[in-house]
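Single-structure report; data block below.
The values are calculated or read from the model by the stated rules, or taken from the named source; none is laboratory data. Just so it is clear, the model here is predicted, and its values are computed rather than measured. Reconstructed Cβ throughout: ideal geometry from the backbone, glycine too, with neighbour counts over all protein chains shown.
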Amino acid sequence: MIAPPLRLAMWSGPRNVSTALMRAWENRPDTIVVDEPFYAHYLTTTGIDHPGRDEILAHHESDCRKVVESLLAPLAPGVAILYQKQMSHHLLPGMDRDWLGAMTHAFLIRDPAPVLASLEDKLGRFDLDATGLPQQVEIFDFVERTTGRVPPVVDSADLLAAPQPMLRALCTALGIAFSERMLAWPSGPRASDGVWAKHWYERVWRTTGFQAPEAVAMPRLTGRLAELDAQCRPLYERLRAHRLRA
């Protein structure tokens, strides 16, 4: 077992069921969560215009060095796990990577087709980097290279199809005990949600647990989205080859 505290960086791309997974961890009595801690730095550095940009910059720390300090700060008594919902594309090329060695890492992935369709609905035009997949592979390779171990990978389709077995498998891979409280949570917003939540989390706010995947066909992508899918798929499949199985 890993001695507490466990500082768990869960690297995901957008629209990967990452907020629901954050809810599961926050419902543990031994865990606190941090929602996309580098988002403001990402927006400031790239100049990208996302929904609620001005409010995000006004309410969240944009200095990545101060964010890292907060992730490494001592935890309150009784807190054994600091769960970080990390968007992989927020770890920009110029950012220091040394702090990654103080974290335990895991990865959440999702088939690119529904991700791309959802991102188009939310953002309009976007590029490959906005999916987070190239950065996920980079971080995965960095963690494997520096630790000598393959970090846990969870496919969101597996998680939604079998929440309890997959969460058990993840906890086992991380060396911690599974908690039944990870399977259900109260509906509504959280104080831990970033101020961007009203633009992205409305569906999660209505949930009280993981929702079974809908029996709908994968979106049929054409044009620019089909081109992006062709770029995303080899990256996704590379990570998926290491996914946990219940």
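Overview of values
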quantity	calculated
Conditions (1) part of a helix (DSSP H, G or I); (2) at pLDDT 95 or above; (3) in contact with a helix residue (DSSP H, G or I) (Cβ under 8 Å, 6 or more places away or on another chain): number failed by residue 113	(2)
Residue in the range 89-105 that is of a type in the set (Ser, Thr, Tyr) and touching a Gly at 6+ places or on another chain (Cβ under 7 Å) present	no
Residue 134 vs. criteria under 17 Å from the mean Cα position of the chain (by Cα), modelled with pLDDT of 95 or more and not aliphatic (A, V, I, L, M)	yes
Of all residues making up the range 22-58, the number that are more than 23 Å from residue 101 (Cα to Cα), among the hydrophobic types (A, V, I, L, M, F, W, C) and within 19 Å of the chain's Cα centre (by Cα)	3
Filter pass, residue 178 being among the aromatic types (Phe, Trp, Tyr) and touching a Cys at 6+ places or on another chain (Cβ under 6 Å)	yes
Tabulated pairs, the range 26-38, first within 20 Å of residue 11 (Cβ to Cβ), second assigned to a loop (DSSP other than H, G, I, E, B), C-beta under 6 angstrom, 6+ apart or interchain	28/179; 32/79; 33/192; 35/192; 35/193; 35/194; 36/194
Out of 179, 156, 187, sole residue that is hydroxyl-bearing (Ser, Thr, Tyr) and under 18 Å from the mean Cα position of the chain (by Cα)	156
Residues (of a type in the set (Ser, Thr, Tyr) and touching a Lys or Arg at 6+ places or on another chain (Cβ under 7 Å)) located in the range 124-170	156
Every pair of residues 6+ apart whose Cβ atoms lie under 9 Å, when the first sits in the range 148-170 and is free of Cβ contacts under 8 Å to residues at least 40 places away in the same chain while the second is surrounded by 15 or more Cβ atoms within 10 Å (Cβ to Cβ) and aromatic (Phe, Trp, Tyr)	164/178
Qualifying residues in the range 120-163 (those that are assigned to a helix (DSSP H, G or I), of a type in the set (Asp, Glu) and in contact with a helix residue (DSSP H, G or I) (Cβ under 7 Å, 6 or more places away or on another chain)) - the one surrounded by the most Cβ atoms within 10 Å (Cβ to Cβ)	158
The lone exception for residue 109 - which of (1) in contact (Cβ under 8 Å) with a residue 60 or more places away in the chain; (2) surrounded by fewer than 18 Cβ atoms within 10 Å (Cβ to Cβ) it fails	(2)
For residue 86: the one exception among (1) touching a strand residue (DSSP E or B) at 6+ places or on another chain (Cβ under 6 Å); (2) surrounded by fewer than 22 Cβ atoms within 10 Å (Cβ to Cβ)	(2)
Those residues of the range 116-153 which are at negative phi and in contact with a strand residue (DSSP E or B) (Cβ under 7 Å, 6 or more places away or on another chain), in sequence order	136, 139, 140, 143, 151, 152, 153
